[in-house]
């Protein structure tokens, strides 16, 4: 009795191994062929029809092999019937992937069903096909196979508890959707991007460029912050301390204006500056702003912090220092040497003398104008003037460079770069016209702002300068008009070729299965 049971078990085990291995070889070859053809559903339907036709025509086909025994005919029939079932399973799985998992359930261009569930569904389809082959083709008792499978599953589950824990943790992560591939996350202080979510682990690429592999159980139990959910807007906080004598209203006014000049800072929700605490250094504040790309949060914080420094510096608002530690000798040099007022006035006078607008101004009037001005420091990417804004001043560049941009539909396009000795804003100073372009700092740039209030006393003292300045304004305006006309002509000449290149590039992307959206060309100043 025992020998008979052992023989039956060994026979059943051999059949299962043979069926699984044979099916695996067939499905592997079929999958490889479907990837080559890129049409797995059509390939599966063709194979189903072919094997069904062969099965129905089996008697006629065997007539051409009269020497084949009855046993051989039976084996041939069972093999073809098995191939029919395997082809049906392959076709059903390919159709599920094509029309359901990566078709109807795709949301915003991304599959909403995790890979682990897709794999489980595929495993279930092929397991059902193997059970059908065992029961309907080979007349095997499925209950015996199920009982054997249960014993094997019990042994495997006991010996692979940790592995199964990772699998079930991965399944829980995929069902709860705390993150997806490509999401920016923070896990226990680690800032990273999700690269892959597998059966046993989650792969992350840190901002330092390293790869971290976290077991699913760890990822499920660790504190996780997803920067891309519910959307990719992220709020950032930058603490700073101002001197106790600076009014909070003034800090808010200057700080918020500086943050709004950074292109990446969102207008909604608006940036804020809040009083956080009173310390022995001074008044502690916190600058709060929102931005949309979590992957570059370090750069955005750098831009906003730099804008705050430049804004407070120009406004003459000092950051706090520990007053009781300021017992420094009177002859101690400041950390950043400040130029002498006479040197500043001489520098401004020389810059104004080089500016095209003031070439007609006599030295005494220019010296009067220079003595009432001060140097202004701007840093990238601060906006100095905005296109369309009202203005009554002009700027002369002492050092550094600025980018001149035209604003169309909210997008800024660089058209020119200006350096030391050049100036902009002439029409706004002389006539009050709105700004004709946006100007941003291309780096650290030192400017002199000539205001209407500063120029008015000079014109009162030298009324004959109005005609000379008007003539000079017309010369500068004609030069600017020629530059704009040449730029427009060049743009119209290049546009047909650019359009043809863009269309061809879109066709190439479409042919290779990539995105057809055109990447914006990188503009140069």
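The values are calculated or read from the model by the stated rules, or taken from the named source; none is laboratory data. None of the values given here were measured: they were computed from a predicted structure. Backbone-built Cβ (ideal geometry, glycine too); neighbour counts: all protein chains shown.
A few remarks follow.
- Test: residue in the stretch 290-297 that is farther than 23 Å from residue 250 by Cβ, in a strand (DSSP E or B) and at pLDDT 90 or above: yes
- Qualifying residue in the stretch 239-258 (condition: in contact (Cβ under 8 Å) with a residue 40 or more places away in the chain and within 21 Å of the chain's Cα centre (by Cα)): no
- Of all residues in the stretch 191-209 being over 18 Å from the mean Cα position of the chain (by Cα) and free of Cβ contacts under 8 Å to residues at least 60 places away in the same chain, the one that is farthest from residue 120 (Cα to Cα): 203
So that you can scan it fast, the table gives a plain yes or no per residue for (1) closer than 13 Å to residue 424 by Cβ; (2) in contact (Cβ under 8 Å) with a residue 12 or more places away in the chain:
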position	(1), (2)
357	yes, yes
368	no, yes
382	no, yes
394	yes, yes
401	yes, yes
410	no, no
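Matching residues to (1) surrounded by 14 or more Cβ atoms within 10 Å (Cβ to Cβ); (2) outside the structural domain of residue 301 (by TED's automatic domain parsing); (3) outside any helix (DSSP H, G or I):
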residue	(1), (2), (3)
194	yes, yes, yes
203	yes, yes, yes
209	no, yes, yes
214	yes, yes, yes
240	yes, no, yes
244	no, no, yes
249	no, no, no
254	yes, no, no
258	yes, no, no
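- Matching residues, the stretch 173-192, being surrounded by fewer than 19 Cβ atoms within 10 Å (Cβ to Cβ) and assigned to a strand (DSSP E or B): 186, 190, 191
- Selection count where residues are in a strand (DSSP E or B) and out of contact with any helix residue (DSSP H, G or I) (no Cβ under 8 Å at 6 or more places or on another chain), scope the stretch 216-238: 5
- Residue in the stretch 195-215 that is closer than 30 Å to residue 270 by Cβ and either at pLDDT 75 or above or touching a strand residue (DSSP E or B) at 6+ places or on another chain (Cβ under 9 Å) (or both) present: yes
- One residue from 370, 365, 345 being part of a helix (DSSP H, G or I), at pLDDT below 85 and surrounded by 14 or more Cβ atoms within 10 Å (Cβ to Cβ): 345
- Residues within the stretch 403-421 that are crowded, with 17+ Cβ neighbours inside 10 Å and closer than 19 Å to residue 264 by Cβ, tallied: 3
- The single condition among (1) surrounded by 13 or more Cβ atoms within 10 Å (Cβ to Cβ); (2) under 26 Å from residue 291 (Cβ atoms); (3) free of Cβ contacts under 8 Å to residues at least 40 places away in the same chain that residue 224 does not satisfy is (3).
A quick yes/no check of all residues on (1) modelled with pLDDT of 85 or more; (2) outside the structural domain of residue 249 (by TED's automatic domain parsing); (3) loosely packed, with under 14 Cβ neighbours inside 10 Å; (4) assigned to a loop (DSSP other than H, G, I, E, B):
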site	(1), (2), (3), (4)
312	yes, no, no, no
317	yes, no, no, yes
329	no, yes, yes, yes
333	no, yes, yes, yes
336	no, yes, yes, yes
349	yes, yes, no, no
352	yes, yes, no, no
